[in-house]
Amino acid sequence: MKMVIDVLEQYLPFAGLIIFGNIENLVLSSQGVVAGVNPLKLGIASIIAVTFWLTIGTIGTQVALQYVHFIDFFGGLVIFILGAQAMLNSIRGT
């Protein structure tokens, strides 16, 4: 049990990006469904992307831990910009 808690504590500084990244994934997925994308292909692409980012995140966490504040700021900014762009495109109907 101690080992699990130690592993979770490594990712705690990135909790904001994990939460908002998942929200962004939902926004982009819903935008794809509204655009008429095949849900099966969209689901498979999402699983591949999440697996890819999980792998990079797991490996990169060890290296990036010293830059967590920088990563949180710019990661949050990028998530906000992509979300705003997706919502504007959705509202415009493009």
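The values are calculated or read from the model by the stated rules, or taken from the named source; none is laboratory data. Bear in mind that the values here come from a model prediction, so they are computed numbers and not experimental data. Reconstructed Cβ throughout: ideal geometry from the backbone, glycine too, with neighbour counts over all protein chains shown. Protein only, heavy atoms only, side chains kept; ligands, DNA and RNA dropped before computing areas. Shrake-Rupley method; radii C 1.70, N 1.55, O 1.52, S 1.80 Å.
Observations on the model:
- Theoretical gain in end-to-end length, Leu40 to Arg92 [0.36 nm per residue, Cα-Cα removed]: 16.2 nm
- For the chain: span of alpha carbons on each principal axis (Å, largest first): 48, 28, 20
- Screening the chain for whole DSSP H helices with an alpha carbon extent of at least 24 angstrom along the helix axis and a mean Kyte-Doolittle hydropathy of at least 0.5 yields 15-34, 39-64, 68-92.
- FRET efficiency, 1/(1 + (r/R0)^6) with R0 35 Å, evaluated for Lys2 and Ser29 via beta carbons: 0.45
- Its relative contact order, with pairs defined as Cα atoms under 8 Å and 6+ residues apart, puts region 1-90 at 57 percent.
- Solvent-accessible surface of the chain, averaged per residue with a 1.4 angstrom probe and all protein chains in place: 78 square angstrom.
- Between the C-alpha center of region 1-23 and that of region 63-82 there is a gap of 14 Å.
- Here the chain has 78 percent of its accessible surface on carbon and sulfur atoms, given a 1.4 Å probe and all protein chains in place.
- A Förster distance of 41 Å, applied to the separation of the beta-carbon atoms of Ala84 and Gln10, puts the FRET efficiency at 0.85.
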